[in-house]
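Bear in mind that the values in this text are calculations on the coordinates, not laboratory data. From a predicted model like this one, the values you see are computed outputs, not experimental measurements. Cβ atoms come from the backbone with ideal geometry, glycine included; neighbour counts cover every protein chain shown.
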């Protein structure tokens, strides 16, 4: 094997070791803090089109009985309206409004309609494909002692078919060794937008969701809103499962391209040693290692794949310990595949950065302007 290939392997192992060490230190230092879920209103922007939608929504109502929920539903979404009628409960309010117009974020515009109806001290934003485990909301509320905007850690739990398992390889192979290291190095410039929590009056003082209503990357925009006003982000150890069903290869590619469009923007606007060393290089190196190893022969290819397999095995052990997620061999294989394929998705996003699909809504970016259809 060439000296350059060995150097690349060693560099990847070093970076991966640093990421794991920082993540382990984060979990060791982040003791669960319990707050009061009765003081939280959960805002959930809902858009039908995923077969897991009902199970996720009902699980949250069941797991967080002390909280209040506001479902934010479009007037033209008959399936979401049916679910709202079916799950009517004292702690659930369904708010209906027009679908997003050109220029409006499909998520932030709904949230802007919901915030005036929050009467509790705290608000939370929860995606409709995300489930909070019992006590998760109380733990997130308790974490407000460490910052102004609390965010959680995603775990892709829906792995019932090939494409969903492949998507899980991307999420589960990166989340726990990306967000926690950012917190440890005080390099957080964004949040995990699937779930976050803050003080309602504080958000209103910052302009509410109207301040980000025209931002498609709502999680990044929310983080910037807080940071630009001198507020702080608190990374909690609350792990929340995600259940998005991936229909086929085209749907998988569409989801990955949407995520990579957002990732490309984040990296472009936040160049730093952390971005390059903890996010950029570990993202690009797996494909380079496999290609270089294959060029050198079977020994190089085996060395590259064994290195990626070791990383996947360590990730499986970390998820089992901190997320109670039992590993499967197929999950680790999916993670290796996702690590190798991610640079291709990044390239696809760079080639076509202006069109994406958000379930039933086709979105086109005209510069910074959002258009539908």
Exercise. Of the beta bridges DSSP finds with both residues in the chain, what % are antiparallel, to the nearest 5?
Worked result: 45
Exercise. Shape call for the range 219-333 from the C-alpha gyration tensor, a ≥ b ≥ c root eigenvalues: rounded (a/c under 1.5), prolate (a/b greater than b/c) or oblate?
Worked result: prolate
Exercise. Once label points are set 7 Å from the Cα along Cα→Cβ at both residue 160 and residue 38, what is their separation, rounded to one decimal in nm?
Worked result: 3.7
Problem set entry | Segment residue 3-residue 93, extension gain: residue separation times 0.36 nm, minus the distance between their alpha carbons | 26.1 nm
Exercise. What nm value, rounded to one decimal, do you get for the distance between residue 296 and residue 102 when each label is placed 7 Å out toward the C-beta?
Worked result: 5.4
For this session: For n ≥ 4 DSSP H runs only, could you compute -39500 (n - 2.57) per run for the chain, divide by its residues and tell me the 222 nm figure to the nearest 500?
Result: -15500 deg cm²/dmol
Exercise. Shape call for the chain from the C-alpha gyration tensor, a ≥ b ≥ c root eigenvalues: rounded (a/c under 1.5), prolate (a/b greater than b/c) or oblate?
Worked result: prolate
For this session: Note down the relative contact order for the chain as a percent, whole number, built from C-alpha pairs under 8 angstrom at least six residues apart.
Result: 22
For this session: Measure nothing but the geometry: give the 0 to 90° angle between the long axis through the Cα atoms of 3-29 and the longest principal axis through the Cα atoms of the chain, rounded to 10°.
Result: 40
For this session: Would you mind computing, in nm to one decimal, how far apart the modelled labels at residue 86 and residue 247 are, each placed 7 Å from Cα along Cα→Cβ?
Result: 2.0
Seminar exercise, completed: If one builds a Gaussian network model of the chain from Cα atoms under 10 Å apart, the most fluctuating residue listed among 279, 271, 46 is 271
Exercise. Which residue, 162, 209, 20, tops the fluctuation ranking in a GNM of the chain built on C-alpha contacts under 10 Å?
Worked result: 162
For this session: Please determine, in degrees from 0 to 90 and to the nearest 10, the orientation of helix 162-172 with respect to the longest principal axis defined by the Cα atoms of the chain, where the helix direction is its Cα long axis.
Result: 90
Exercise. Working out 0.36 nm times the residue gap between residue 320 and residue 199, then minus their Cα-Cα distance, what length gain in nm do you get to one decimal?
Worked result: 40.4 nm
Exercise. Fully extended, how many nm does the chain gain between residue 310 and residue 267 (0.36 nm per residue separation, minus their Cα-Cα distance)?
Worked result: 12.8 nm
For this session: Under a 10 Å cutoff between Cα atoms, tell me which one of 234, 303, 334 has the largest fluctuation in the Gaussian network model of the chain.
Result: 303
Exercise. With axes computed from alpha carbons, what is the tilt in degrees of helix 298-323 against the longest principal axis of the chain, rounded to the nearest 10 within 0 to 90?
Worked result: 30
